[in-house]
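Below is one structure, written out as structure tokens; comments come after it.
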Amino acid sequence: MIVFLLIISIVGGILSIEGLVWGKFMVSRPVIFVPAIVIILSAMNFFHTESNLIILLFFLLSILIELRLLFTIPVGSSFVPDTITGTLGIFFLAALLPKRLDADNFYSILLFLYMMVFSLSYISGYFDVLFKRFNTVLVEYGKKLLSDGEFYGFENLSKFGYILFFVKGFLLTLTSGALIYLFFKLILPLLNSPSINKFSIVFLITVLSRFAVNLFIHWRIFKNSLLNFIVFIFIIIMILQFHTLGLLIMLLIFCIYLILEIKRFNNG
Amino acid sequence: MAKLELYKILKKVIFRSLGVQNLWNYRYMQLYGYIYAILPLYRYIYTKEEIIKRLNIQWEYFNTHPYVSSYILAMHSKMLILNEDENEIQRMRNNLMSPLASIGDSFFWGTLRSFLISISIFFMLIFFSQPALLLIFLGTGLLFFNIIHFYHIFKGFQRTFRYGRLNLKFTRKFFFFEKLITFASSVFFTFSSAFLLKIFNSLHYMGHYKYLLIFILFIFINIFFKKYIKKKGIIILFNTILAIIFTLWGII
């Protein structure tokens with residue numbers, strides 16, 4: 001088990017480098033790495049639950065975290081929560097408590113983990129700020145090396161950047177995993193209560209609705225285009241389960257939109 | 001022979017541009033990553049004393065979108081090879097970084113990333129019981145994103161270096177795609193929200209109409225709060241209180 005926890009922490013370190021320092025290939029987004037890890041673990045028969053609920057739990061959690069932080073864009077010196085380490089921490093729970101999940105405590109556990117990951121992302125983001133402040137010292141030192149003509153030393157400093165962020169990712173994944181496990185153990189009797197489960201459903205719907213409002217504002221739905229309004233009507237058609245009709249309407253709208261856009265584009 | 005060596009060094013510059021965020025700090029921002037990427041070319045062209053003198057002029061803060069930094073590096077490389085004045089190069093760098101950053105932020109972070117996330121969520125909800133298919137679709141989405149990402153890094157560098165100017169035609173194409181991708185994202189998000197509510201329904205007590213009503217009610221409440229109150233804490237508190245009332249009331 002310790003080997004598994006170490007592997008998850010190493011993955012945390014590598015993803016921290018990928019997401020914050022080198023490449024940014026989007027592998028470090030929760031909606032990408034969580035399903036990948038879950039699928040690998042389930043292929044190895046790691047989860048001992050009878051149903052697919054634990055897989056669904058991880059999927060929904062990564063979706064909620066991603067939706068919540070979708071519009072926090074890393075522009076300049078803005079504060080961006082670091083979702084990598086907190087989200088990886090939930091796998092500690094999968095390793096240690098595989099059998100304690102059933103349909104009656106599903107939503108309360110989902111809400112608890114969402115809260116935990118969300119707050120740990122902010123804490124991890126704060127550590128990010130501390131590391132970025134420390135980087136100033138390293139870069140000042142790099143300037144000194146450069147003015148002394150020690151280019152080799154200047155280039156070697158880049159390795160420090162990678163090592164720093166790897167260690168940060170590794171340690172924070174380990175810590176957040178341990179914290180999630182401890183809090184989970186403490187709060188489990190409460191999470192099994194049916195009324196808390198019911199409350200969690202309504203609360204999760206409020207979270208989804210807040211996200212929907214952000215989406216409307218971001219894409220100026222109801223302001224500029226009639227087409228976006230039709231999309232909203234489509235949501236209701238889909239929710240009311242007229243799937244085939246909804247799909248046909250959507251395809252029709254998409255074709256009309258495409259033709260209009262191509263015409264507008266050709267007219268300059 | 002010299003051309004081959006220059007080609008190798010330019011390849012090194014492109015590869016190093018992937019790590020432009022390295023040692024990011026609040027004072028100089030991406031400056032270290034930028035200098036680290038361009039340094040091999042300086043070492044190829046100039047002597048030690050000249051490099052120290054020239055890089056001293058470059059030592060000012062630098063920040064742009066990481067995916068489009070290769071355009072600035074390409075211009076920088078071209079100007080270095082043409083042996084232009086270092087102050088001129090620095091002026092070019094400062095003039096280009098902000099407009100390119102705004103294009104990169106709106107296209108890559110605002111649009112393309114939202115699209116990747118929306119299709120990933122959609123695939124996760126559709127294929128959650130078929131892991132092989134899910135992995136294939138997620139991988140395809142990631143590949144689609146990274147093809148555009150690498151196209152900008154490699155092709156952008158190559159074209160800018162070859163012609164010695166920014167090819168601004170690409171921005172026009174961007175804005176056409178931006179609209180389409182935004183629209184496609186909203187389609188995928190609508191599908192996803194429908195599937196989310198379907199999953200909620202299949203697991204628990206309520207009928208669809210109750211979920212729908214609560215969902216729509218909270219949307220209107222949040223629009224009202226966003227418009228008139230604007231304080232996140234109060235919105236979350238109000239939502240929590242309403243959720244408690246609904247639970248105690250026994251609606252669910």
Point to revise | Breaking point among (1) over 21 Å from A:LYS24 (Cβ atoms); (2) surrounded by fewer than 17 Cβ atoms within 10 Å (Cβ to Cβ); (3) modelled with pLDDT of 90 or more, for B:ILE126 | key: (3)
Review point. Is at least one residue of the range A:40-55 closer than 29 Å to B:PHE189 by Cα, within 12 Å of the chain's Cα centre (by Cα) and facing chain B (nearest Cβ under 7 Å)?
Key: no
Point to revise | Test result for A:VAL75, surrounded by fewer than 16 Cβ atoms within 10 Å (Cβ to Cβ) and not in a helix (DSSP H, G or I) | key: yes
Check your understanding: From the list B:PHE170, B:PHE161, B:PHE174, B:PHE189, which residue is within 30 Å of A:LEU110 (Cα to Cα) and either buried (at least 17 other Cβ atoms within 10 Å of the Cβ) or modelled with pLDDT under 80 (or both)?
Key -> B:PHE189
Point to revise | Tally of residues being part of a helix (DSSP H, G or I) and more than 7 Å from chain B (Cβ to nearest Cβ) across the range A:56-72 | key: 9
Practice item. Might you check whether a residue that is touching a helix residue (DSSP H, G or I) at 6+ places or on another chain (Cβ under 9 Å) and β-branched (Val, Ile, Thr) occurs anywhere in the range A:139-147? Key: yes
Practice item. Being in contact (Cβ under 8 Å) with a residue 40 or more places away in the chain and within 25 Å of the chain's Cα centre (by Cα) is the filter; apply it to the range B:71-92 and report the residue that is nearest to B:ARG165 (Cα to Cα). Key: B:MET75
Review point. Is it fair to say A:TYR181 is over 29 Å from B:PHE238 (Cβ atoms) and within 14 Å of another protein chain (Cβ to nearest Cβ)?
Key: no
Study note, to complete from the structure: Within the range A:191-206, residues aliphatic (A, V, I, L, M) and at the interface with another protein chain (Cβ under 7 Å from one of its Cβ atoms) come out as A:ILE201, A:VAL202, A:ILE205
Review point. Does the range A:7-17 include one or more residues that are buried (at least 17 other Cβ atoms within 10 Å of the Cβ) and within 11 Å of chain B (Cβ to nearest Cβ)?
Key: yes
Exercise for review: Would you tally the residues in the range A:105-117 being surrounded by fewer than 19 Cβ atoms within 10 Å (Cβ to Cβ) and in contact (Cβ under 8 Å) with a residue 24 or more places away in the chain?
Suggested key: 0
Practice item. May I ask you to list the residues in the range A:39-79 that are closer than 23 Å to B:THR111 by Cβ, modelled with pLDDT under 85 and not small (Gly, Ala, Ser)? Key: A:LEU67, A:ARG68, A:LEU69, A:LEU70, A:PHE71, A:THR72, A:ILE73, A:PRO74, A:VAL75, A:PHE79
Revision key, fill the gap. Among the residues of the range B:110-124, the number that are within 14 Å of B:HIS149 (Cα to Cα), among the hydrophobic types (A, V, I, L, M, F, W, C) and at the interface with chain A (Cβ under 8 Å from one of its Cβ atoms) is 1
Review point. Which one of the conditions (1) touching a Phe, Trp or Tyr at 6+ places or on another chain (Cβ under 6 Å); (2) more than 16 Å from B:THR182 (Cβ to Cβ) does B:PHE108 fail to meet, given that it meets all the rest?
Key: (2)
Revision key, fill the gap. Within the range A:129-168, restricting to residues that are of a type in the set (Gly, Ala, Ser) and assigned to a helix (DSSP H, G or I), the one that is nearest to B:TYR61 (Cα to Cα) is A:GLY142
**Study point:** Residues of the range A:147-174 that turn out to be farther than 18 Å from B:ALA37 by Cα and surrounded by fewer than 18 Cβ atoms within 10 Å (Cβ to Cβ), as a count
**Key:** 4
Review point. Only one residue in A:VAL27, A:VAL31 is under 23 Å from B:ASP105 (Cβ atoms), among the aliphatic types (A, V, I, L, M) and not in a helix (DSSP H, G or I). Which one?
Key: A:VAL27
Practice item. Using the structure shown, decide if B:ILE81 is more than 18 Å from A:GLY153 (Cβ to Cβ) and surrounded by fewer than 21 Cβ atoms within 10 Å (Cβ to Cβ). Key: yes
Study note, to complete from the structure: So, first residue without any contact (Cβ under 8 Å) to a residue 24 or more places away in the chain and more than 9 Å from chain A (Cβ to nearest Cβ) in the range B:126-149, second residue assigned to a helix (DSSP H, G or I) and not acidic (Asp, Glu), Cβ within less than 6 Å, six or more apart or across chains; the pairs are B:PHE127/B:LEU133; B:PHE127/B:LEU134; B:PHE137/B:PHE123
Point to revise | Which listed residue, of A:TYR107, A:TYR122, A:TYR141, is modelled with pLDDT of 90 or more and within 11 Å of another protein chain (Cβ to nearest Cβ) | key: A:TYR141
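The values are calculated or read from the model by the stated rules, or taken from the named source; none is laboratory data. Just so we're clear, the structure is a prediction, and the values are computed from it rather than from any experiment. With ideal geometry, Cβ positions are generated from the backbone for all residues, glycine too; neighbour counts draw on all protein chains shown.
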